[in-house]
Structure formats: structure tokens, C-alpha cells
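Participant: Quick one: structure below, then a few questions.
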Amino acid sequence: MSEQESSAERFTPAGMLQTACEIGTAKAHMSFRKLLVLSVLAGIYIGMGGLFSSIAATGASGIWPYGMTKLVQGLVFSTGLILVVVGGAELFTGNSLMIIALAQKKISLMSLLRNWGLVYVGNFIGSFLLALAVVASKVYHAGDGLLGSQMLTIANAKSVYGFGQAVMLGLLCNVLVCLAVWLTYGARSLTDKVLAIVFPISLFVAAGFEHSVANMYLIPAGILLKIFDPAFTASLGIDLSNLTWQSLLVGNLLPVTLGNILGGSFLVGLMYHFAYQKAH
């Protein structure tokens, strides 16, 4: 095979599978310090996407059609994953594709779980710190308090899912997130990567699917606002009895994380592995 043909092969699904394997292998051998720093950054980036999405929806109720509002929310939320992928940060949901390197026996199960565990914790730290900063800045007063109302409404809505529903919403979400990441493996330019990310991510947000790392920002932001500014919260007249740390950890993150793993690892990563892995 000529050098030109070999280069072209990289941008086919079979070549993308090899890229995914190489990237997954590198992630598995990343140092603790680097992994933690990059995962904290990813938590902040995804949280910023969540904040942008909340701002985009602020004041839209009753003015914009529901579908258009969700479309705009999805488009601006894509900023988060663009920052992660182009900026080289470590995101738990996208790292579900490391299952490809495991399936090809390039990494061990323990190295996979080490990455997932550290990245998950780092993502939580970054997302929580951003939520704390946003509430401390009192930016929620924007639009005569409409932004704060939107933040609380979003957080509250995510606190009332049944376990099975949350698992399925998480599964569907990470199918799209991992497809977005998968498509970037076939990108030839920065523009290609951005376009590959925008549409799958916009779809998951518009459809109301659940992303564990986004929820690490969106729900704590609502809880912290409820705790630190009870007067503002009470003035909105919203029933926030379900918005608690328990509902965050047990009612949302646990089932959504499980769904994210199932969707990204098994319905994207392993499917492409079985489809394009060359027989030996």
C-alpha cells in the first residue's frame, strides 16, 4: 500500500477504529497528575456548555416554539465538547470508547477502570467548582432573575426521573456523544472536528437525553443556589423538595452513569470493533 493510500485509509471507519485503539491505549497509560488535571478541565468545559445552554433557554418559554428552544440549547451546549476534544481534556463519557482498546487486548481491564474512575472524579470536581463559582458570582440574577429560575427548573426536572428512565436517557445520550467523538477520528481539520461534534450533541440535548458530567454541573448549580440564596429561591415559588444531594447522587448520577457506559461502550465502541476489526 502506498503512503497516499495508507493516509486515506486513516479516514475510513476501519482506520478510525485503529485511531480509537491508539488513543484509548495512550489514555490508559496517562500519568495520574495529567489525567486528573485534564479531567478537571473537562468537567469545567462541559459545565460551561451547560451554563451556555441555560442562558440560551432563559426567557424563551412562551415566546419561542419548544423545538427551536431545544435546538438552540443543543447548538450552544456543543461548545463544551468542542473545548474538550480540541483542547485535549479527559471526559468520562467520551472515554467509553476505550473499550475498543480493551477488546483489542491493548490495555487491561484494570487500566480501563483506573482511567474511568479518575476521570469521573476529576470531571465531578471541575463541574462542581464551576457550579460553585457561578452561584458565588450571582450571575443567576441576569434577566431580572430569569436565568436563576431557568437553572433551578433544569436542576429540578433532572431530580425526578425513575431509575429505569434515567438509565435509558443516559444510554441514548452517550450513543450520540461517543458517535460525535468517533466521527472526530475521521477528521482532517479542526473545522471537520467541530462539525462532527455539533450535530450529534445538539440532537442529544434537544431530545432531553441525560449526560452524567453535564449533570454534575447542572444539578449542583441548582442545589447550591437553593442553599446559598433561599430568599431568591423562595421568591420563584417553585417546589424544590426533590432537589437534594441524594437525588443528585442516587436518583440521577448512578443510573445515568450506568446508561452512559452501556450506550457508549457497547452500542458504539464494541459495535464498531466487531464490524471493522480485521480477523487474525
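Participant: What number of residues within region 62-88 satisfy the criterion of being crowded, with 24+ Cβ neighbours inside 10 Å and either touching a Lys or Arg at 6+ places or on another chain (Cβ under 6 Å) or aliphatic (A, V, I, L, M) (or both)?
Facilitator: 2
Participant: Since Lys106 meets every condition but one in (1) assigned to a helix (DSSP H, G or I); (2) surrounded by fewer than 23 Cβ atoms within 10 Å (Cβ to Cβ); (3) over 13 Å from the mean Cα position of the chain (by Cα); (4) of a type outside the set (Asp, Glu), which condition does it not meet?
Facilitator: (1)
Participant: Under 6 Å by Cβ, and 6 or more places apart or on different chains, what pairs join a residue from region 71-87 that is on the phi < 0 side of the Ramachandran plot with one that is crowded, with 23+ Cβ neighbours inside 10 Å and not in a helix (DSSP H, G or I)?
Facilitator: Hits for this filter: Val84/Leu91.
Participant: Being out of contact with any Cys (no Cβ under 8 Å at 6 or more places or on another chain), in contact (Cβ under 8 Å) with a residue 24 or more places away in the chain and assigned to a helix (DSSP H, G or I) is the requirement here; does Phe124 meet it? Lay out the reasoning, then the answer.
Facilitator: Values: out of contact with any Cys (no Cβ under 8 Å at 6 or more places or on another chain): yes; in contact (Cβ under 8 Å) with a residue 24 or more places away in the chain: yes; assigned to a helix (DSSP H, G or I): yes.
So Phe124 fits the description; yes.
Participant: Quick check on Ala187: is it of a type in the set (A, V, I, L, M), over 30 Å from Lys138 (Cα atoms), modelled with pLDDT under 95 and over 15 Å from the mean Cα position of the chain (by Cα)? Break it down stepwise before answering.
Facilitator: Details: of a type in the set (A, V, I, L, M): yes; over 30 Å from Lys138 (Cα atoms): yes; modelled with pLDDT under 95: yes; over 15 Å from the mean Cα position of the chain (by Cα): yes.
Yes, satisfied.
Participant: Given the condition in contact (Cβ under 8 Å) with a residue 40 or more places away in the chain, more than 15 Å from the chain's Cα centre (by Cα), more than 28 Å from Leu254 (Cα to Cα) and not in a helix (DSSP H, G or I), answer yes or no: does some residue in region 148-162 qualify?
Facilitator: Looking for residues that are in contact (Cβ under 8 Å) with a residue 40 or more places away in the chain, more than 15 Å from the chain's Cα centre (by Cα), more than 28 Å from Leu254 (Cα to Cα) and not in a helix (DSSP H, G or I), one finds none in region 148-162, hence no.
Participant: While we're looking at this one, here's another question. Does Ala131 count as without any contact (Cβ under 8 Å) to a residue 24 or more places away in the chain, within 15 Å of Ile223 (Cβ to Cβ), within 20 Å of the chain's Cα centre (by Cα) and surrounded by 14 or more Cβ atoms within 10 Å (Cβ to Cβ)? Before you say what the answer is, go through the steps one by one.
Facilitator: Working: without any contact (Cβ under 8 Å) to a residue 24 or more places away in the chain: no; within 15 Å of Ile223 (Cβ to Cβ): yes; within 20 Å of the chain's Cα centre (by Cα): yes; surrounded by 14 or more Cβ atoms within 10 Å (Cβ to Cβ): yes.
So Ala131 fails the test.
Participant: Out of Leu97, Leu91, Leu169, Leu152, which single residue is in contact with a Leu (Cβ under 7 Å, 6 or more places away or on another chain) and either crowded, with 17+ Cβ neighbours inside 10 Å or of a type in the set (A, V, I, L, M) (or both)?
Facilitator: Leu152
Participant: Continuing with this model, one more query. If a residue must be more than 18 Å from the chain's Cα centre (by Cα), part of a helix (DSSP H, G or I) and either of a type outside the set (Lys, Arg) or crowded, with 17+ Cβ neighbours inside 10 Å (or both), how many such residues does region 22-54 contain?
Facilitator: Taking region 22-54 and keeping what is more than 18 Å from the chain's Cα centre (by Cα), we get 22-23, 25-26, 28-34.
Next, only the ones that are part of a helix (DSSP H, G or I) stay: 22-23, 25-26, 28, 32-34.
From the residues that got through so far, the ones that are either of a type outside the set (Lys, Arg) or crowded, with 17+ Cβ neighbours inside 10 Å (or both) too are 22-23, 25-26, 28, 32.
Selection size over region 22-54: 6.
The values are calculated or read from the model by the stated rules, or taken from the named source; none is laboratory data. Quick caveat, the model's predicted, so the values are computed rather than measured. Heads up, the Cβs are rebuilt from the backbone with ideal geometry, glycines too, and the neighbour counts pull from every protein chain shown.
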